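The values are calculated or read from the model by the stated rules, or taken from the named source; none is laboratory data. Not measured: the values here are computed from a predicted model. Cβ sites come from the backbone with ideal geometry, for glycine too, and all protein chains shown count toward neighbours. Accessible surface areas use protein heavy atoms only, side chains included; no ligands, DNA or RNA. Shrake-Rupley method; radii C 1.70, N 1.55, O 1.52, S 1.80 Å.
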Amino acid sequence: MMSNPNNGTNNNNDNDFDEHTNEVLRTSSLSIVVVGASGDLAKKKTYPSLFALFKDKLLPSNTKLWGYARSKSTDADFRNKIRPYLEESAKKAGGTPAQITSFLDSCFYQSGPSYGDIPSYRALSKSIQEYEASLTKNQKNRLFYFAIPPNVFGETGVAIKQTCMTSGKNNWTRLIVEKPFGRDLESFEELNATLSKHFHEEHLYRIDHYLGKEMVQNLHVLRFANTWFERCWNADNIQCVLLTFKEPFGTEGRGGYFDQYG
């Protein structure tokens with residue numbers, strides 16, 4: 001039997017990656033800000049996903065989470081609002097009541113009259129700075145997750161740029177921008193120009209969580225691994241594609257979003 005000369009290479013790379021990841025988790029802190037924290041996406045998707053990372057110890061031990069939204073709320077009230085969604089997530093993906101409580105103890109809330117309100121973001125930045133000042137970590141990073149409609153991406157980004165960017169050569173600031181990116185090409189180009197004016201590409205992550213769904217990923221296999229579809233399933237023969245995701249509940253406060261973006 002012939003041996004593969006590359007057998008040990010991947011293992012070494014995996015070990016190097018694991019060591020680097022563990023080093024980052026040990027030596028850095030992370031401040032996560034969920035913009036639009038009172039909304040449907042944040043409660044049902046973002047916070048449960050962050051809890052899963054927390055539960056599996058995939059976040060730095062010194063991680064704090066701030067929610068920002070227009071709804072007025074105390075830290076305690078906000079924690080009570082998102083707790084049921086974490087408990088539901090824990091039933092499916094695992095997690096104990098003690099882990100949920102520990103996670104919620106690291107969650108805080110900041111309200112503002114709008115998503116571009118500079119004084120509110122200054123207050124948020126002050127809270128983050130006070131937390132970071134209490135640490136001895138070498139790297140102090142900030143992550144902003146946009147769980148908001150795209151029509152307020154621009155003003156939110158400008159406010160963050162003016163008030164909440166981290167400093168220091170070893171520290172980074174990242175903005176995760178959730179789809180959709182505008183209503184059409186014109187609105188996308190306007191939004192992209194606004195964000196690009198204030199941030200470098202290394203600051204921005206644009207994501208579409210629906211592309212991670214199993215059904216959507218299966219479409220790629222169905223289309224490109226099937227010779228019959230290869231001949232007819234293309235722009236020459238298909239005028240439009242309509243995907244419908246049905247839900248067993250109503251808009252539940254999301255009417256303004258669906259009026260513009262579907």
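Could you please let me know if I118 is among the β-branched types (V, I, T) and either under 30 Å from E87 (Cα atoms) or open to solvent by 10 Å² or more (accessible area, probe 1.4 Å) (or both)? In short, yes.
Taken over segment 23-40, residues that are over 16 Å from L135 (Cβ atoms) and surrounded by fewer than 20 Cβ atoms within 10 Å (Cβ to Cβ) amount to 2. Does segment 160-168 contain at least one residue that is of a type in the set (S, T, Y) and open to solvent by 40 Å² or more (accessible area, probe 1.4 Å)? Within segment 160-168, one or more residues are of a type in the set (S, T, Y) and open to solvent by 40 Å² or more (accessible area, probe 1.4 Å). Screening R70, R83 for residues that are free of Cβ contacts under 8 Å to residues at least 24 places away in the same chain and of a type in the set (K, R) leaves exactly one candidate, R83.
The set of residues from segment 191-242 being part of a loop (DSSP other than H, G, I, E, B) and within 30 Å of F146 (Cβ to Cβ) comprises F199, H200, D208, K213, C240, V241, L242. Within segment 21-46, residues that are more than 13 Å from Y85 (Cβ to Cβ) have Cβ atoms under 9 Å from residues that are of a type in the set (D, E, K, R) and assigned to a helix (DSSP H, G or I) in these pairs: S29/E132; S31/E132, counting only partners at least 6 apart in sequence or on another chain. Just give me the residues in segment 129-181 being in a helix (DSSP H, G or I), under 17 Å from L65 (Cβ atoms) and free of Cβ contacts under 8 Å to residues at least 24 places away in the same chain, in sequence order. Passing the criteria: Q129, E130. Restricting the first member to segment 197-209 and to residues that are closer than 19 Å to A42 by Cβ, and the second to residues that are aliphatic (A, V, I, L, M) and in a strand (DSSP E or B), the beta-carbon pairs closer than 6 Å and six or more apart or on different chains are Y205/I176; R206/V177. The residue list A69, A76, A90, A98 contains one member that is within 29 Å of Q129 (Cα to Cα), crowded, with 16+ Cβ neighbours inside 10 Å and either of a type outside the set (D, E) or modelled with pLDDT of 95 or more (or both), which is A69.
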